Amino acid sequence: MENRLKELRAVSGWSQAHLADRLGVSRQTVNALEKGRYDPSLPLAFRLARVFSTTIEELFTPDDDDLGETDGSVTSPV
Amino acid sequence: MLYIDGMMDPTEAQAGRTGRGPRLSAEDKRQRNSYLREFLPAIVTFWILLAIVLNLVDETTPGARLWVLLPVLPMIGVAIALYRATQRSDEYGRIVMLECMALGFGVSMIAAMAVGFLGMIDVAWTYGGWLVFGAGMTTWGLALVVRNLD
């Protein structure tokens with residue numbers, strides 16, 4: 001999953017540690033999120049969206065693998 | 001130019017560097033301090049008891065089998081400190097710690113199996129247990145170091 005955390009953090013002029021403080025997580029977690037090594041839980045994703053005053057969809061862009069579809073279409077669960 | 005606490009030079013921020021501002025978050029410091037507060041007394045007690053046992057206890061000491069087990073007691077405190085540190089970690093920290101523990105556990109089991117099989121052909125190592133312990137702890141420690149190189 002790709003994300004815009006590094007970009008938005010840079011715009012805000014925050015260090016990783018400062019963002020970590022605002023989220024209540026470790027700096028290592030912020031670093032892992034920015035580098036795309038770790039996808040956050042839903043509660044953390046909501047906290048990130050709130051910190052940057054945006055939406056989860058604006059922050060994260062799923063890969064094809066995340067969607068489980070290669071053409072981006074959504075199939076009915078039934 | 002002055003920066004508000006936690007903020008950084010915008011050019012550094014653009015580059016993603018974290019040279020300005022605190023390197024550790026408040027959560028990092030809280031977790032580290034809590035861990036050290038629980039871990040240090042236990043490990044210091046372990047080293048003191050180990051020194052006592054190594055210097056004062058031998059086969060002729062009355063109750064030697066109990067005395068040599070004395071250093072194991074503070075290790076209970078170390079185990080509790082590690083368990084609580086895992087509980088206090090945030091979601092990513094917990095994953096990292098568990099992955100590293102899994103590696104250490106796997107290597108320990110392989111070492112234990114190797115020692116066990118060697119025992120089946122009467123290759124008995126007096127310090128086989130230490131080999132298992134050392135292999136597991138070393139692997140766990142190295143894995144943590146590598147994962148924390150960010």
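The values are calculated or read from the model by the stated rules, or taken from the named source; none is laboratory data. For clarity, every value in this text was computed on a predicted model and none was experimentally measured. As a convention, Cβ positions derive from the backbone with ideal geometry for all residues, glycine included, and neighbour counts pool all protein chains shown.
Structure notes:
- Subset tally (residues that are in contact with an Asp or Glu (Cβ under 9 Å, 6 or more places away or on another chain) and assigned to a loop (DSSP other than H, G, I, E, B)) for the stretch A:47-70: 4
- A:Trp14 meets all of the listed conditions (1) aromatic (Phe, Trp, Tyr); (2) surrounded by fewer than 23 Cβ atoms within 10 Å (Cβ to Cβ); (3) free of Cβ contacts under 8 Å to residues at least 24 places away in the same chain but one, namely (2).
- Candidate set: the stretch A:30-46, residues that are part of a helix (DSSP H, G or I) and not hydrophobic (A, V, I, L, M, F, W, C); chosen: the one farthest from the other protein chains (Cβ to nearest Cβ): A:Pro43
- Any helices (runs of 4 or more DSSP H) falling wholly within the stretch B:5-83 and containing at least 2 residues that are at pLDDT 85 or above, within 14 Å of another protein chain (Cβ to nearest Cβ) and under 28 Å from B:Arg94 (Cβ atoms): B:26-56
- Within the stretch B:95-145, tally of residues that are within 30 Å of B:Leu24 (Cβ to Cβ) and under 14 Å from the mean Cα position of the chain (by Cα): 20
- Put simply, of B:Asp90, B:Asp122 the only residue that is at pLDDT below 95 and either surrounded by 14 or more Cβ atoms within 10 Å (Cβ to Cβ) or in contact with a helix residue (DSSP H, G or I) (Cβ under 6 Å, 6 or more places away or on another chain) (or both) is B:Asp90.
- When B:Ile80 is tested against (1) out of contact with any Ser or Thr (no Cβ under 9 Å at 6 or more places or on another chain); (2) more than 29 Å from A:Ala45 (Cβ to Cβ); (3) crowded, with 17+ Cβ neighbours inside 10 Å, only condition (3) is not met.
- Options A:Val51, A:Val25; residue that is over 18 Å from B:Arg147 (Cα atoms), of a type in the set (Val, Ile, Thr) and either in contact with a Leu (Cβ under 8 Å, 6 or more places away or on another chain) or within 7 Å of chain B (Cβ to nearest Cβ) (or both): A:Val51
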